[in-house]
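Undergrad: Just passing along the structure, written as structure tokens.
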Amino acid sequence: MVGAFGLSAEERLQQIADAVAVAIDGQAQCIMGVALLCEVAQHCGYLLTPRAVSLPGQSMATGKTVATGSMARDFIREHGGLSGVAGYAGATPDGSELQRAGHLVATLERPFVLIDPTFEQFSAVGFPKVAPVVTIPRGEGEVVIEGPNFQVVYLFDDDNKGWQASFAQVRDASREVAHDIADHLKAGRPPRTHDVRL
């Protein structure tokens with residue numbers, strides 16, 4: 001719903017995240033998705049910060065568990081989950097430090113909002129096809145998101161290094177696509193109706 005002063009920051013960021021999710025088309029490409037998200041958001045007046053996270057989660061509908069890195073696997077074991085994780089996703093085992101976290105999201109400073117434009121990659125294990133945009137308390141080390149049939153935890157790993165160079169390259173390469181998506185949204189068109197695909 002649009003109020004007297006237009007969309008709130010969270011509503012506009014949801015539109016941006018949804019549009020980026022369409023462009024990514026469910027791919028497990030979190031660096032690409034967050035780079036594009038940050039670039040589109042900047043065109044729309046929002047400065048986002050990319051953040052490495054590890055994501056343990058479980059779908060109650062399918063009984064499958066997801067872990068996007070060693071932090072997530074450790075979290076599952078420490079909280080009584082199975083030592084073997086049925087559905088692994090996240091960073092490709094390439095020797096980079098991102099393997100520890102395995103996933104990337106973005107945050108907005110004020111209000112403090114977490115945005116995950118590539119969450120749809122987990123739909124194969126029973127998570128909903130959404131791009132979460134969640135207002136969270138500032139300074140939290142972990143954020144829980146849950147619905148009727150799933151629960152995920154975002155574990156921030158701000159000391160994680162090694163992904164920044166790839167992120168900068170992808171963001172630079174995504175500028176034209178980001179501009180097209182931003183123009184589409186600024187024209188008042190629905191976020192899931194553009195035809196941009198990466």
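The values are calculated or read from the model by the stated rules, or taken from the named source; none is laboratory data. Note that this is a predicted model, so its numbers are computed, not measured. Virtual Cβ from ideal backbone geometry, glycine too; neighbours counted across all protein chains shown. Areas reflect the complete protein model, heavy atoms only, side chains present, ligands, DNA and RNA absent. Shrake-Rupley method; radii C 1.70, N 1.55, O 1.52, S 1.80 Å.
Undergrad: Return the residue satisfying two criteria in turn: it lies in region 7-47 and is hydrophobic (A, V, I, L, M, F, W, C) and not in a helix (DSSP H, G or I), and of such residues it is least open to solvent (accessible area, probe 1.4 Å).
TA: The residue in question is Cys44.
Undergrad: Which residue out of Val105, Val196, Val134, Val144 is closer than 21 Å to Gly45 by Cα, of a type in the set (A, V, I, L, M, F, W, C), open to solvent by 20 Å² or more (accessible area, probe 1.4 Å) and in a strand (DSSP E or B)?
TA: Val134
Undergrad: Quick one: how many residues across region 147-166 are surrounded by fewer than 15 Cβ atoms within 10 Å (Cβ to Cβ), polar (S, T, N, Q) and part of a loop (DSSP other than H, G, I, E, B)?
TA: 1
Undergrad: Say we look at region 48-86 and pick out the residues that are of a type in the set (Val, Ile, Thr) and open to solvent by 60 Å² or more (accessible area, probe 1.4 Å); which of these is nearest to the chain's Cα centre (by Cα)?
TA: Among them, the one singled out is Thr49.
Undergrad: Just a yes or no: is a residue in region 113-123 open to solvent by 70 Å² or more (accessible area, probe 1.4 Å) and either at pLDDT 90 or above or not in a strand (DSSP E or B) (or both)?
TA: no
Undergrad: I've got another one for you. Please give the number of the condition Ala21 fails out of (1) closer than 21 Å to Phe156 by Cα; (2) at pLDDT 90 or above; (3) of a type in the set (A, V, I, L, M, F, W, C).
TA: (1)
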